[in-house]
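Worksheet: one structure, shown below.
The values are calculated or read from the model by the stated rules, or taken from the named source; none is laboratory data. Since the model is a prediction, treat every value here as computed from it, not as a measurement. Note: accessible area is taken over every heavy atom of the protein model, side chains too, but ligands, DNA and RNA are not part of it. Shrake-Rupley method; radii C 1.70, N 1.55, O 1.52, S 1.80 Å.
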Amino acid sequence: MTREVTHEAQGPAILDESDTGDDGKIYVCRCGLSDSKPLCDGSHNATADEADGAVYKYANDDADGERREIDEIAYGEE
(Lines give C-alpha, C1' and ligand atoms only; values in the text may rest on other atoms or scores of the structure.)
Protein backbone atom coordinates (compact mmCIF):
# COMPACT_ATOMS: atom_id res chain seq x y z
CA MET A 1 0.00 0.00 0.00
CA THR A 2 1.19 3.48 -0.85
CA ARG A 3 -0.33 6.87 -0.19
CA GLU A 4 0.26 10.23 -1.85
CA VAL A 5 0.59 12.72 1.01
CA THR A 6 0.95 16.49 0.85
CA HIS A 7 3.25 17.97 3.48
CA GLU A 8 3.12 21.66 4.32
CA ALA A 9 5.75 21.91 7.06
CA GLN A 10 8.88 23.88 6.21
CA GLY A 11 11.11 22.66 9.00
CA PRO A 12 11.67 20.03 11.65
CA ALA A 13 9.42 19.24 14.58
CA ILE A 14 11.16 19.22 17.93
CA LEU A 15 9.85 16.57 20.31
CA ASP A 16 10.19 16.60 24.09
CA GLU A 17 8.78 14.89 27.19
CA SER A 18 5.33 16.43 26.66
CA ASP A 19 4.98 14.37 23.46
CA THR A 20 5.22 11.00 25.22
CA GLY A 21 2.20 8.78 25.61
CA ASP A 22 1.01 7.12 28.79
CA ASP A 23 3.56 4.36 28.18
CA GLY A 24 6.46 6.85 27.99
CA LYS A 25 6.96 6.33 24.24
CA ILE A 26 6.68 8.76 21.34
CA TYR A 27 4.73 7.51 18.32
CA VAL A 28 5.62 9.16 15.01
CA CYS A 29 3.15 9.14 12.10
CA ARG A 30 4.31 7.15 9.07
CA CYS A 31 1.02 7.03 7.13
CA GLY A 32 0.79 10.79 6.59
CA LEU A 33 -2.84 11.02 7.70
CA SER A 34 -2.40 12.15 11.32
CA ASP A 35 -3.92 15.51 12.30
CA SER A 36 -1.15 15.91 14.87
CA LYS A 37 1.90 15.30 12.65
CA PRO A 38 4.59 14.35 13.29
CA LEU A 39 2.84 12.46 16.09
CA CYS A 40 0.54 9.51 15.44
CA ASP A 41 -3.13 9.99 16.31
CA GLY A 42 -4.37 6.56 15.17
CA SER A 43 -5.49 7.73 11.71
CA HIS A 44 -3.57 4.81 10.20
CA ASN A 45 -6.48 2.57 11.22
CA ALA A 46 -8.29 3.88 8.11
CA THR A 47 -5.64 2.19 5.95
CA ALA A 48 -6.08 -1.34 7.36
CA ASP A 49 -7.84 -2.67 4.25
CA GLU A 50 -5.52 -1.13 1.64
CA ALA A 51 -4.20 -3.64 -0.90
CA ASP A 52 -0.48 -4.26 -1.24
CA GLY A 53 0.93 -2.71 -4.40
CA ALA A 54 -1.91 -0.18 -4.78
CA VAL A 55 -1.45 3.60 -4.53
CA TYR A 56 -4.12 5.60 -2.71
CA LYS A 57 -5.06 9.26 -2.35
CA TYR A 58 -7.19 10.42 0.58
CA ALA A 59 -9.15 13.62 0.00
CA ASN A 60 -7.38 16.48 1.78
CA ASP A 61 -4.90 13.95 3.26
CA ASP A 62 -7.63 13.19 5.81
CA ALA A 63 -8.26 9.67 7.13
CA ASP A 64 -12.00 10.47 7.03
CA GLY A 65 -11.75 11.82 3.48
CA GLU A 66 -12.78 9.85 0.43
CA ARG A 67 -10.10 7.31 -0.53
CA ARG A 68 -9.47 6.48 -4.16
CA GLU A 69 -6.95 4.26 -5.88
CA ILE A 70 -4.74 6.02 -8.41
CA ASP A 71 -2.64 4.68 -11.26
CA GLU A 72 0.41 6.88 -10.72
CA ILE A 73 1.71 10.03 -9.10
CA ALA A 74 2.89 12.57 -11.68
CA TYR A 75 5.06 15.47 -10.60
CA GLY A 76 4.93 18.77 -12.46
CA GLU A 77 7.88 21.02 -13.16
CA GLU A 78 8.74 23.48 -10.40
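GNM, the chain, Cα, under 10 Å: largest mean-square fluctuation among ASP19, ASP62, ASP52? Most flexible of the set in this elastic network: ASP52. With every protein chain in place and a 1.4 angstrom probe, the accessible-area ranking of LYS37, LYS25, LYS57, largest first, reads LYS25, LYS37, LYS57.
Once backbone amide H atoms are built at 1.01 Å from N, THR20 has no partners under 5 Å, excluding neighbours fewer than 5 places away on the same chain. Can you send over the carbon and sulfur percentage of the accessible area for the chain, probe radius 1.4 Å, protein chains only? Of all accessible area on the chain, carbon and sulfur atoms account for 44 percent.
Surface analysis of the chain yields an accessible area of 79 Å² per residue, using protein heavy atoms and a 1.4 Å probe. Computed from the alpha carbon atoms alone, the convex hull of region 1-69 holds 98 Å³ per residue.
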